[in-house]
Amino acid sequence: MTSFGQRVRAAFGSYGQLCVGIDPHAHLLAEWGMDASAAAARDFGLRVVEAAAGRVGVVKPQVSFFERYGSAGFAALEDVLAAARDAGLLVIADAKRGDIGTSMDAYAEAWLTPGSPLEADAVTVSPYLGVGALDGTFALAEAHDKGVFVLAATSNPEGLALQRARVAAGPTVSADIIREVSERNARITTEGEWASLGFVIGGTVDWTDAGLQPFSPVAPILGPGFGHQGAEPTHLAERFGPLAGAVIASESRSILSAGPDGIASRIAERAALYAATTG
């Protein structure tokens with residue numbers, strides 16, 4: 001199978017950089033005329049998949065909005081994940097898992113093992129128990145041509161003190177995470193290809209303030225914060241510089257708020273804006 005990084009690159013070539021979030025917030029379910037239930041979350045997710053297929057290359061289900069319904073919610077998520085992958089979409093499970101040893105390995109197996117009920121093409125993970133705690137996850141992803149997105153510089157204010165702290169009076173924590181993962185990417189990535197261990201860097205993050213620099217090899221950047229949170233397609237080059245072309249621009253509420261009858265056209269409109277900016 002082609003590596004995850006190269007599959008993202010190919011998806012960009014076919015559909016552009018927009019990623020549609022699948023976030024069945026309670027208020028969105030209500031706006032769509034649905035109740036707050038696992039069955040409704042499943043229906044919501046399947047409708048988003050149907051609208052996204054053929055219009056974008058990537059979707060990102062937010063696991064928490066399914067998990068809150070317990071086992072029925074996970075069953076709903078399994079159906080949405082399977083439908084999205086069957087539709088040819090790249091699926092990023094936004095689970096933000098982070099643990100140590102065999103516990104983290106088990107999380108990785110759940111999301112990255114071919115044939116798993118929760119199989120996705122990539123998963124988001126937290127490195128704040130140490131990047132080395134993710135070694136098993138990275139190895140499993142490599143073995144199955146999957147992707148991993150490591151939280152590096154998020155836009156939530158609660159994370160600033162930790163992420164902007166300096167490592168031994170050197171780089172910021174965010175920058176050091178990127179350095180450590182990029183060193184692994186350099187060892188396992190074929191020259192000229194995109195790496196498969198990517199980063200989460202918010203679309204509203206100031207790179208100078210976060211102490212970030214362009215990195216190599218190129219790896220996909222999952223950029224939440226586009227649309228509702230204020231980042232726009234025109235900000236790609238401004239905020240991500242030479243790596244702008246590797247950004248998966250994730251939008252959720254700005255698209256989902258269009259409702260079940262308007263979501264397809266909203267996706268097409270937003271995708272066209274990204275194409276106009278990057279084309």
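Could you give every pair whose Cβ atoms fall below 6 Å, whose first residue belongs to region 196-214 and is without any contact (Cβ under 8 Å) to a residue 40 or more places away in the chain, and whose second residue is surrounded by 18 or more Cβ atoms within 10 Å (Cβ to Cβ), counting only separations of at least 6 or pairs across chains?
214/243
Confirm whether residue 89 is out of contact with any Asp or Glu (no Cβ under 7 Å at 6 or more places or on another chain) and within 25 Å of residue 198 (Cα to Cα).
yes
Can you name the residue in region 112-147 that is assigned to a loop (DSSP other than H, G, I, E, B) and of a type in the set (A, V, I, L, M, F, W, C) and, of all such residues, is nearest to residue 176 (Cα to Cα)?
Top of the filtered list is 129.
Name the single residue that is nearest to residue 116 (Cα to Cα) among those in region 38-95 being in contact with a Gly (Cβ under 9 Å, 6 or more places away or on another chain) and of a type in the set (Phe, Trp, Tyr).
Top of the filtered list is 66.
Going by the structure shown, is residue 250 of a type in the set (S, T, N, Q) and outside any helix (DSSP H, G or I)?
So residue 250 passes the test.
If residue 239 satisfies all but one of (1) over 30 Å from residue 139 (Cα atoms); (2) touching a helix residue (DSSP H, G or I) at 6+ places or on another chain (Cβ under 7 Å); (3) in a helix (DSSP H, G or I); (4) in contact (Cβ under 8 Å) with a residue 40 or more places away in the chain, what's the number of the condition it fails?
Checking residue 239 against (1) over 30 Å from residue 139 (Cα atoms); (2) touching a helix residue (DSSP H, G or I) at 6+ places or on another chain (Cβ under 7 Å); (3) in a helix (DSSP H, G or I); (4) in contact (Cβ under 8 Å) with a residue 40 or more places away in the chain, the one that fails is (4).
Would it be correct to say that residue 256 is within 15 Å of the chain's Cα centre (by Cα), at pLDDT 95 or above and buried (at least 24 other Cβ atoms within 10 Å of the Cβ)? Reasoning before the result, please.
Details: within 15 Å of the chain's Cα centre (by Cα): no; at pLDDT 95 or above: yes; buried (at least 24 other Cβ atoms within 10 Å of the Cβ): yes.
Against the criterion (within 15 Å of the chain's Cα centre (by Cα), at pLDDT 95 or above and buried (at least 24 other Cβ atoms within 10 Å of the Cβ)), residue 256 does not qualify.
Sort out which residues of region 159-180 are within 17 Å of residue 207 (Cα to Cα) and in a helix (DSSP H, G or I), and write them in order of number.
Residues satisfying the conditions are 159, 160, 161, 162, 163, 173, 174, 175, 176, 177, 178, 179.
Those residues that are more than 22 Å from residue 196 (Cα to Cα) and not in a loop (DSSP other than H, G, I, E, B), I need them from region 227-236; list them, please. Outline the logic, then answer.
Of region 227-236, the ones more than 22 Å from residue 196 (Cα to Cα) are 227-235.
Selection gives 231, 235.
Considering only residues that are buried (at least 22 other Cβ atoms within 10 Å of the Cβ) and either free of Cβ contacts under 8 Å to residues at least 12 places away in the same chain or small (Gly, Ala, Ser) (or both), look in region 135-185 and name the one that is farthest from residue 95 (Cα to Cα).
Checking each candidate, the answer is 175.
Could you check region 54-74 and list, in sequence order, the residues that are among the charged types (D, E, K, R) and not in a helix (DSSP H, G or I)? Break it down stepwise before answering.
To start, the set of residues in region 54-74 that are among the charged types (D, E, K, R) comprises 55, 60, 67-68.
Those that are among the charged types (D, E, K, R) and not in a helix (DSSP H, G or I): 55, 60, 68.
Please go through region 228-253 and give me each residue that is of a type in the set (Ser, Thr, Tyr) and surrounded by fewer than 17 Cβ atoms within 10 Å (Cβ to Cβ), ordered by number.
234
Give the number of residues within region 1-42 that are small (Gly, Ala, Ser), closer than 29 Å to residue 139 by Cα and part of a loop (DSSP other than H, G, I, E, B). Give the derivation first.
Of all residues in region 1-42, those small (Gly, Ala, Ser) come to 3, 5, 10-11, 13-14, 16, 21, 26, 30, 33, 36-41.
With closer than 29 Å to residue 139 by Cα added as a condition, the list becomes 3, 5, 10-11, 13-14, 16, 21.
Adding the requirement that they be part of a loop (DSSP other than H, G, I, E, B) leaves 3, 16.
Qualifying residue count, region 1-42: 2.
Search region 73-97 for residues that are buried (at least 23 other Cβ atoms within 10 Å of the Cβ) and pair each with any residue that is among the aromatic types (Phe, Trp, Tyr) when their beta-carbon atoms are under 6 Å apart and the residues are at least 6 apart or on different chains.
Within 6 Å, the pairs are 76/66; 77/66; 93/111.
Mind telling me which of the residues 108, 51 ends up being surrounded by 19 or more Cβ atoms within 10 Å (Cβ to Cβ), touching a residue at least 60 places away in the same chain (Cβ under 8 Å) and not in a strand (DSSP E or B)?
When all the criteria are applied, what remains is 51.
Could you tell me whether residue 234 is over 22 Å from residue 127 (Cβ atoms) and out of contact with any Gly (no Cβ under 9 Å at 6 or more places or on another chain)?
Yes; evaluated as a whole, the condition is true for this residue.
Somewhere in region 263-276, is a residue in a loop (DSSP other than H, G, I, E, B) and either of a type in the set (A, V, I, L, M) or farther than 16 Å from residue 59 by Cβ (or both)? Lay out the reasoning, then the answer.
As a first pass, look at region 263-276 and keep what is in a loop (DSSP other than H, G, I, E, B): none.
No, because not a single residue in region 263-276 is in a loop (DSSP other than H, G, I, E, B) and either of a type in the set (A, V, I, L, M) or farther than 16 Å from residue 59 by Cβ (or both).
The values are calculated or read from the model by the stated rules, or taken from the named source; none is laboratory data. It should be emphasised that the depicted structure is a prediction, and the values quoted were computed from it without experimental measurement. Don't worry about glycine lacking a Cβ; one is built from the backbone with ideal geometry, like all the others, and counts go over all protein chains shown.
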